[in-house]
Amino acid sequence: MTNRSVLVTGASRGIGRAVAEAFASAGDRVAIHHRASAGLAAEVLASLPGTGHLVVQAELADAAAVLEMVDAAAAHLGGIDVLVNNAATYTAHPITEVSYEQWQSAWRDTIGVNLVGTANVTWCAVRHMIAGGGGRIVNVSSRGAFRGEPGQPAYGASKAGLNALGQSLAVALAPHNITVAGVAPGFVETDMAAAHLQGARGDAIRGQSPFGRVARPDEIAAAVLYLASPQAEWATGAILDLNGASYLRT
């Protein structure tokens, strides 16, 4: 039982919920962030073992709201020991099929949440980590950061940017006893992926892995829990592929 203070963004469903459940089961106190899913966040809160958890809300594209959200989480939890940057938006915008206005909107919204918003959450949380003597940051990236996302290019670019941000901060924050690492899943059984997995492409997507399936949220959560552990200090700067050998990079 560790009793750390943990902030998980985008924790009302999918990977974020599984991550919140994993930390709570380990004895940590968790701040469950959501953007506009108060009902789902309340369900997660009610389901978590232990006490001291809370729900916080913010639109990550709103810098002022991010600051208020992080400070509220830290005030309730008594600091922030672990930050899991999981929240992200995923919008289809194939370059040959959308208008110029739709193209600009997709890039503005996706980068605003997935990269700039995440960077702002991190800046706000780091102040509390330094005050507390250190911490752990785990970024949820994507296989798409490496292989590309033809139908969602802003998403792929935002995750590639997140990887670069994490590696930059791994160096910058090591003197403050703060580690920064990432996980890069492929397809995961979540609401975000449901339309793809249940549609005509479902079998082909599952066939991308030699295991013939996609990941479960709890498998991603287990890796996040490890990277946030004291034993994973030397993994700072690393990005762990979690795609069932569906995409192998060198």
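Can you give the local net charge around Asp203? Use residues other than it whose beta-carbon is closer than 15 angstrom to its beta-carbon, Lys and Arg +1, Asp and Glu -1.
Net local charge, Asp203 excluded: +2.
Among the GluC sites (Glu not before Pro) in segment 1-104, those located in a DSSP loop and surrounded by at most 12 other Cβ atoms within 10 Å of their own Cβ are Glu97. Could you please state, rounded to a whole Å, how far the C-alpha centre of segment 155-224 is from the C-alpha centre of segment 37-81? Using only Cα atoms to place each centre, the spacing works out to 22 Å. Applying a DSSP loop filter and a limit of 14 other Cβ atoms within 10 Å to the chymotrypsin sites (Phe, Trp or Tyr not before Pro) in segment 135-225 leaves Phe211.
Calculate the tail of P(r) for segment 5-242: the fraction of all Cα-Cα distances greater than 24 Å, expressed in %. It would help to have the intermediate numbers written out before the result.
Numbers: 11805 of 28203 pairs.
Roughly 42 percent, rounded to a whole number.
Just the number, please: Stokes-Einstein D of segment 148-250 in µm²/s, Kirkwood Rh from C-alpha pairs, 25 °C, 0.890 mPa s. It comes out at roughly 163 µm²/s.
Counting charges near Ser5 (Lys, Arg +1; Asp, Glu -1) among other residues having Cβ under 15 Å from its Cβ returns a value of +1. Considering only Thr96, Thr190, Thr179, the mean-square fluctuation computed in a Gaussian network model of the chain, springs between alpha carbons under 10 angstrom, is largest for Thr96.
Taken together, the values in this text are just the output of simple stated rules run on the coordinates, not laboratory data. Worth saying up front: this structure is predicted, and the values here are computed from it rather than measured. Cβ atoms come from the backbone with ideal geometry, glycine included; neighbour counts cover every protein chain shown.
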